[in-house]
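See below for the structure under consideration.
The values are calculated or read from the model by the stated rules, or taken from the named source; none is laboratory data. Note that the structure is a prediction, hence the values are computed from the model and not measured. Neighbour counts are summed over all protein chains in view; Cβ atoms, including those assigned to glycine, are modelled from backbone coordinates with ideal geometry. Please note that ligands, DNA and RNA were not included when accessible areas were found on the heavy atoms of the full protein model with its side chains. Shrake-Rupley method; radii C 1.70, N 1.55, O 1.52, S 1.80 Å.
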Amino acid sequence: MANDYHAIVIGAGLNGLVAAAVLGRAGRRVLLVERGAATGGEARAMPFADGYRAAPLTLDAGWLPPKVASSLSLPLRDTLGSSDVTASVALGAGKWMSLPRDARRAAEAIRPHSARDAERWPGFTARLARIAGVLQALYQIPAPDLDTTSLSELAALLGVGRKLRGLGREDMIEFFRLLPMSIQELADDTFESEPLKAAIAAAGIQDIRQGPRSGGTTFVLLHHLVGAAPGSLRGRPMWRQGPNGLANAIEDAARSARVTIRTSTDVIRITVADERVTGIALASGEEIRAPVVVSTLDPARTLLGLVDPVWLDPEFLHAVRHIKFRGCRATALFALDGLPDQSCGDGVVSLTADTVSLERAYDASKYGEISERPHVELSIPTLRWPDWAPQGKHVMVAHVQYVPYPAEGANGSATLPARITGLIENAFPGITSRILHQVFSTPKDLERRYGVTEGAVTHGELTLDQILFMRPVPGWGRHVMPIAGLYLGGAGTHPGPGVLGGPGWLAARQVLATR
């Protein structure tokens with residue numbers, strides 16, 4: 001066993017690539033290992049039919065924090081672009097309510113449904129953008145440590161405090177009022193048009209097994225608005241070359257920092273001696289030594305799957321076992337020979353036009369069943385990246401909530417694909433005749449393919465008890481684990497999913513700060 005590396009990073013998704021690149025740039029000898037055949041992880045677009053590609057787990061492009069981009073010298077100028085129409089709601093029979101990013105144009109789209117709502121929309125989206133700006137500041141510093149005496153950390157927290165005070169008294173009160181609120185309450189407080197309320201509610205239940213009437217779902221909306229252009233309800237600026245372009249750019253940064261990258265390499269154990277990490281053991285039988293291991297797998301996969309429990313306190317293990325993952329999303333990929341209607345634009349398209357139907361779709365999942373009318377959201381990535389399909393053809397990606405884990409054998413699971421295509425046909429009349437090929441994946445399939453516990457691409461739900469310093473578990477939100485030399489840097493840590501490379505960047509900074 002050669003002690004060839006200062007640090008080993010497990011998982012070459014965006015967080016792993018960023019963590020490895022940051023450590024490499026600091027002069028560390030770094031090994032990055034990945035179970036799959038390529039880097040990029042969940043974000044990478046992969047082929048699913050002859051000539052067709054898709055990134056099945058991402059309707060939202062996510063947010064690349066400026067501090068991450070600058071630390072790796074990633075070129076942001078002229079590389080990011082946004083959808084013109086960020087969200088649409090299907091009204092049936094090929095009709096839509098589409099919401100452009102420009103708030104004034106969106107107000108005109110809302111006006112036929114409610115003149116009162118049209119007048120309120122610009123102010124509503126502007127306020128959400130200001131409040132999400134506070135989270136944006138929080139997401140670029142370590143999770144708050146209420147007992148800290150570090151001057152640098154206190155200065156960072158003071159910066160967030162100034163950002164909060166900068167909201168003004170009214171918006172500062174609104175910030176604390178909104179975080180625990182249900183998205184249903186937020187929509188009802190402000191608007192009267194049911195399709196508009198449904199569009200807002202759908203944005204607050206992304207990848208969480210909660211309905212729109214559940215507390216804390218407004219926080220989910222705000223979390224996914226971090227980094228979005230003002231006026232947007234869904235959809236953050238995307239890498240113009242597609243998600244593979246971003247993954248490739250970060251991989252290039254890692255390789256230029258002399259990081260060694262090994263794909264098709266399966267880690268079966270993190271080795272420990274005398275309460276300190278000593279390296280990793282591979283399925284091949286090889287063992288590689290290093291005094292630091294940064295895992296970007298989800299907390300359960302790392303702490304319950306790769307670490308011998310003898311090295312962890314029983315109370316800590318109890319907390320890890322009770323992390324809420326609760327994968328509830330299925331995906332469907334469609335290879336199409338064309339589109340009958342493109343009026344909905346290239347943003348997120350929700351097929352649920354009222355909040356009662358959203359809540360009922362959630363109700364079924366509480367009992368391990370699948371709703372007769374699940375909530376479906378669509379995107380057509382080939383409107384942005386036409387090279388993902390043969391010329392003149394298209395790809396459609398569908399996300400389906402709520403499909404309980406494991407779903408196999410659940411009431412309605414056998415007929416779910418047909419129900420999904422039926423809902424899509426109602427929104428896009430004639431589209432089923434254009435489907436050349438489709439691939440359907442349950443949460444159990446996602447767990448097998450991507451190694452995410454219970455099929456939860458979030459690495460742990462974004463409920464209020466699992467954010468900031470309580471992510472992954474209370475008291476251990478600073479990326480440093482109870483075993484010396486072990487760090488977590490995946491989406492299951494602060495600041496969570498959808499912050500591209502953010503958790504990996506913060507974890508690497510913690511490694512560098514620890515002598």
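Among the residues of region 150-194, those that are assigned to a helix (DSSP H, G or I), over 25 Å from the mean Cα position of the chain (by Cα) and at pLDDT 95 or above comprise Asp188, Asp189, Thr190, Glu194. Within the set Arg449, Arg471, Arg478, the sole residue that is surrounded by fewer than 17 Cβ atoms within 10 Å (Cβ to Cβ), out of contact with any strand residue (DSSP E or B) (no Cβ under 6 Å at 6 or more places or on another chain) and among the charged types (D, E, K, R) turns out to be Arg449.
State which residue is nearest to Trp385 (Cα to Cα) when the search covers only region 42-56 and only residues that are of a type outside the set (D, E, K, R) and open to solvent by 10 Å² or more (accessible area, probe 1.4 Å). That would be Tyr52. For His322, the conditions (1) at pLDDT 95 or above; (2) within 21 Å of the chain's Cα centre (by Cα); (3) over 20 Å from Trp476 (Cβ atoms); (4) not charged (D, E, K, R) are fulfilled apart from (3).
For region 97-122, the set of residues classified as among the charged types (D, E, K, R) and either open to solvent by less than 10 Å² (accessible area, probe 1.4 Å) or in a loop (DSSP other than H, G, I, E, B) (or both) consists of Arg101, Asp102, Arg111, Asp117, listed by residue number.
All of Ala414, Ala418, Ala456 fail the test of being out of contact with any Ser or Thr (no Cβ under 8 Å at 6 or more places or on another chain) and within 28 Å of Gly242 (Cβ to Cβ), apart from Ala456. Restricting Leu486, Leu436, Leu462 to residues that are open to solvent by 20 Å² or more (accessible area, probe 1.4 Å) and modelled with pLDDT of 95 or more narrows the list to Leu436.
Being in contact (Cβ under 8 Å) with a residue 40 or more places away in the chain, open to solvent by less than 20 Å² (accessible area, probe 1.4 Å) and not in a loop (DSSP other than H, G, I, E, B) is the filter here, so list the residues in region 213-244 that pass it. Result: Thr218, Phe219, Val220, Leu221, Leu222, His223, Leu225, Met238. Candidates Gly62, Gly94, Gly133: the one that is at pLDDT below 90 and open to solvent by less than 30 Å² (accessible area, probe 1.4 Å) is Gly94. Residues in region 492-509 that are in a loop (DSSP other than H, G, I, E, B) and open to solvent by less than 10 Å² (accessible area, probe 1.4 Å): 6 in all. Do we have Val356 as among the aliphatic types (A, V, I, L, M), surrounded by fewer than 23 Cβ atoms within 10 Å (Cβ to Cβ) and under 21 Å from the mean Cα position of the chain (by Cα) here? Considered against the rule, which asks whether it is among the aliphatic types (A, V, I, L, M), surrounded by fewer than 23 Cβ atoms within 10 Å (Cβ to Cβ) and under 21 Å from the mean Cα position of the chain (by Cα), Val356 comes out as no.
Those residues that are among the acidic types (Asp, Glu) and over 22 Å from Gly451 (Cα atoms), I need them from region 272-305; list them, please. If the condition is that a residue be among the acidic types (Asp, Glu) and over 22 Å from Gly451 (Cα atoms), then Asp274, Glu275 are the ones that fit.
Within region 179-220, the set of residues being at positive phi and of a type in the set (D, E, K, R) comprises Asp207 only.
Just the residues that are closer than 22 Å to Gln206 by Cβ and among the charged types (D, E, K, R), please, taken from region 30-74. Those that are closer than 22 Å to Gln206 by Cβ and among the charged types (D, E, K, R): Glu42, Arg44, Asp60.
Filtered by the rule that a residue be out of contact with any Asp or Glu (no Cβ under 7 Å at 6 or more places or on another chain), touching a residue at least 24 places away in the same chain (Cβ under 8 Å) and open to solvent by 70 Å² or more (accessible area, probe 1.4 Å), region 290-321 gives Arg301, Asp308, Asp313. The residue pairs whose first member lies in region 425-451 and is among the hydroxyl-bearing types (Ser, Thr, Tyr), whose second member is surrounded by fewer than 18 Cβ atoms within 10 Å (Cβ to Cβ), and whose beta carbons are closer than 6 Å, counting only pairs six or more residues apart or on different chains, are Thr432/Glu425.
For region 250-289, a residue qualifies if it is part of a helix (DSSP H, G or I) and open to solvent by 20 Å² or more (accessible area, probe 1.4 Å), and the qualifying residues are Glu251, Asp252, Arg255, Ser256. Test Leu383 against the stated conditions and say whether it is over 18 Å from Glu425 (Cβ atoms) and more than 20 Å from the chain's Cα centre (by Cα). So Leu383 passes the test.
For region 65-83, the candidate set comprises residues that are modelled with pLDDT of 85 or more, in a loop (DSSP other than H, G, I, E, B) and not polar (S, T, N, Q); within that set, the residue that is nearest to Gln391 (Cα to Cα) is Leu74.
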